[in-house]
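See structure below.
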Amino acid sequence: MSMKLSRRTFLKLTGTAAAASILAGSGFQSRLEAAEKIRVHYAREVPTICTFCGVGCGILCHVVKNEHNRDVIINTEGDPDHPINEGSLCSKGSSLYNVSYIYDSQGRPKPNPNRLTKPLYRAPGSDRWEEKDWDWMLETIAQRIKKTRDENFELTDTVDGRKVTVNRTNAIAWLGSAFCTNEENYLFNKMARAMGIINIDHCARL
């Protein structure tokens, strides 16, 4: 059995339902008591650029002063005024804050204990990591690159029955970093080719 519903009756019913839902949702708690404190309400916005790849998305860092009068980042989010990302971020950019900070049980930011802040080295055959300083790490890397290149450098190769100059090494591979800008990766590419490295790729392409 169908019931005819006039336009006037429909408006009365929808108005009554809307009013009832508003009254039921308000409950016995005032709006001031029910309001949740906004974490970034008193924070200072500092614009920056995401470091995860060469796209250059804009990010807003919300900064406050801690008890030692030092700046502490309490939140990061996409910059809606940035022409590249217009406020949107990928999964890596969205997790940028947690690279350095996490929240404690009371909602206060603290340094992420899982973040590496010192160079770690594991010797061949070892089952543990050792802390080393940057000077030792960079010198060791440079020495090993030179040793490997000198021991495996090819001046010539035979192609179609004739000997040609190649000046290359197949013993070293170079993988670009998404943390670097396009300009930095360009310079790394030039340096790798100058050393005779031909196995060159980038993690953003894999």
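Numerical summary
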{"quantity": "Local electrostatic count, residue 118, Cβ distance below 11 Å [Lys/Arg +1, Asp/Glu -1]", "calculated": "-1"}
{"quantity": "The stretch 44-111: radius of gyration and largest Cα-Cα distance (Dmax), Å", "calculated": "12.6, 37"}
{"quantity": "Local net charge near residue 164, Cβ-Cβ under 13 Å (Lys/Arg +1, Asp/Glu -1)", "calculated": "0"}
{"quantity": "Filtered GluC sites (Glu not before Pro), the stretch 35-138: DSSP coil and at most 10 other beta carbons within 10 Å", "calculated": "36, 67"}
{"quantity": "Relative contact order computed over the stretch 64-168 (Cα-Cα under 8 Å; 6+ residues apart), in percent", "calculated": "11 percent"}
{"quantity": "For the stretch 120-202: rounded, prolate or oblate by the Cα gyration tensor [a/c cutoff 1.5]", "calculated": "oblate"}
{"quantity": "Relative packing of peptides 194-202, 166-174 - highest average C-beta neighbours within 10 Å first", "calculated": "166-174, 194-202"}
{"quantity": "Potential extension, residue 178-residue 71 segment - 0.36 nm per residue separation minus Cα distance", "calculated": "35.8 nm"}
{"quantity": "Debye equation applied to the C-alpha atoms of the stretch 81-146, log10 I(q)/I(0) at 0.19, 0.25, 0.28 Å⁻¹", "calculated": "-0.89, -1.06, -1.16"}
{"quantity": "Listed residue pairs exceeding 27 Å between alpha carbons, taken from 65/132; 92/146; 110/132; 92/147", "calculated": "65/132; 92/146; 92/147"}
{"quantity": "Length added when fully stretched, residue 121-residue 204, from 0.36 nm per residue minus Cα-Cα", "calculated": "27.3 nm"}
{"quantity": "Within-14-Å neighbourhood charge of residue 85 [Cβ basis; K, R +1; D, E -1]", "calculated": "-3"}
{"quantity": "Reachable aspartates and glutamates from residue 163, criterion Cα separation under 15 angstrom, eight or more residues apart if same chain", "calculated": "154"}
{"quantity": "Total charge dipole magnitude, the stretch 120-202, about the Cα centre, Cβ charges on Lys, Arg, Asp, Glu only, Debye to nearest 20", "calculated": "340 debye"}
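Here, each number is a calculation from the coordinates, and none is a lab measurement. These figures come from a predicted structure and were not determined experimentally. Reconstructed Cβ throughout: ideal geometry from the backbone, glycine too, with neighbour counts over all protein chains shown.
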